[in-house]
Amino acid sequence: MAASSTAPARVRFAPSPTGFLHLGGLRTALFDWLYAHHTGGQFILRIEDTDQKRFNPDSLTDLMRSLRWLGLEWDEGPDIGGPHAPYIQSERRALYRQYADWLVEQGKAYHCYTSEAELEELRGKGLPYDRRHRTLTAEQRAAFAAEGRASVIRFAAPLTGTTTVHDAIRGNITVENASIADPVLLKSDGLPTYHLAVVVDDRLMEITHVLRGEEWIPSAPLHQLTS
Ligand code: GLU
């Protein structure tokens, strides 16, 4: 919440085109639109389609038609462009890769070669990812790559301390950093996860206020840490 309530806000509605627009999404879009208009700011439509398995091509057309039918016109978006185009995440993949590599260079993220079977074993025991590849040497990484193992890029969450996010409705929300189990930022197919794409785009698109469903509250500390 960098801006005061009277400064022009830049807010985004960022649906994933996996189905038809539902009431929860619509509610978020309505608040976005109202807040942008109230402050004389901008309402941005951004399409979060990085989960290709769940992508539904009809959904995008339906979504834009429904928003327009309700009068929730956007100031920047996939069909009308804007200063931060493109507004469809699958068209921004080079950017996410660049930021993931940059985080690795900074020591804030790392390549992880853990196989699906190994992850399944952890899940079977009810355990989160155990950071096993966080401190691999260059030789160990090369050996895994030579085995033909695919890698993902994971965030190296701080192991100590806490992170506090300020939520305008709920107040401060504090989590132990150690509870953040090094989530994947870039998948082995080179596409970002939601966690990376949302942070990169909110920064690059100069979003001042994030309005979203409360199911995303648990991810907010991670997003703040990676920002
Ligand atoms: N793509 C997410 C969704 O469809 C957006 C969440 C957010 O606003 O950050 O729910």
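The values are calculated or read from the model by the stated rules, or taken from the named source; none is laboratory data. All figures in this text were calculated on a predicted structure; none of them were measured in a lab. Quick reminder, even Gly has a Cβ in these numbers, built from the backbone with ideal geometry, and neighbours come from all protein chains shown. Just the protein is used for accessible areas: all its heavy atoms, side chains included, with ligands, DNA and RNA removed. Shrake-Rupley method; radii C 1.70, N 1.55, O 1.52, S 1.80 Å.
Residues in the stretch 51-68 that are under 10 Å from Thr18 (Cα atoms) and among the hydroxyl-bearing types (Ser, Thr, Tyr): Ser59 only. Residue pairs whose Cβ atoms lie under 8 Å apart, sitting 6 or more positions apart in sequence or on different chains, and linking a residue in the stretch 87-100 that is closer than 17 Å to Gln52 by Cβ to a partner that is modelled with pLDDT of 95 or more and among the basic types (Lys, Arg), are Ile88/Arg46; Gln89/Arg46. Scanning the stretch 16-42 for residues that are modelled with pLDDT under 95 and either touching a strand residue (DSSP E or B) at 6+ places or on another chain (Cβ under 9 Å) or farther than 24 Å from Tyr194 by Cβ (or both) turns up Ser16, Pro17, Gly25. I'm checking my understanding of the structure. Among residues of the stretch 140-171 that are part of a loop (DSSP other than H, G, I, E, B) and hydrophobic (A, V, I, L, M, F, W, C), which one is surrounded by the fewest Cβ atoms within 10 Å (Cβ to Cβ)? Among them, the one singled out is Ile169. Consider the stretch 194-208 and keep the residues that are more than 11 Å from the ligand (Cβ to nearest atom) and of a type outside the set (Lys, Arg). The one that is farthest from Ile88 (Cα to Cα) is Thr208. Scanning the stretch 33-60 for residues that are more than 18 Å from the chain's Cα centre (by Cα) and assigned to a helix (DSSP H, G or I) yields Trp33, Leu34, Tyr35, Ala36, His37, His38, Thr39, Pro57, Asp58, Ser59, Leu60. Looking at the stretch 8-22 only, could you name the residues that are surrounded by fewer than 13 Cβ atoms within 10 Å (Cβ to Cβ) and either at positive phi or away from the ligand (no atom under 13 Å from the Cβ) (or both)? Within the stretch 8-22, just Pro8 meets the criteria. Checking the structure you have, find out if any residue of the stretch 156-167 is within 15 Å of the ligand (Cβ to nearest atom) and either in contact (Cβ under 8 Å) with a residue 60 or more places away in the chain or aliphatic (A, V, I, L, M) (or both). So far as the stretch 156-167 goes, yes, one or more of its residues are within 15 Å of the ligand (Cβ to nearest atom) and either in contact (Cβ under 8 Å) with a residue 60 or more places away in the chain or aliphatic (A, V, I, L, M) (or both). Restricting attention to the stretch 172-204, which residues are in a helix (DSSP H, G or I) and open to solvent by less than 40 Å² (accessible area, probe 1.4 Å)? If the condition is that a residue be in a helix (DSSP H, G or I) and open to solvent by less than 40 Å² (accessible area, probe 1.4 Å), then Asn177, Leu196, Ala197, Val198, Val199, Val200, Asp201, Asp202 are the ones that fit. For Thr28, indicate whether it is surrounded by 12 or more Cβ atoms within 10 Å (Cβ to Cβ) and over 17 Å from Ala85 (Cα atoms). Against the criterion (surrounded by 12 or more Cβ atoms within 10 Å (Cβ to Cβ) and over 17 Å from Ala85 (Cα atoms)), Thr28 qualifies.
For the stretch 205-227, what are the residues that are closer than 24 Å to Asp130 by Cα and not in a loop (DSSP other than H, G, I, E, B)?
Trp216, Ile217, Pro218, Ser219, Ala220, Pro221, Leu222, His223, Gln224, Leu225, Thr226
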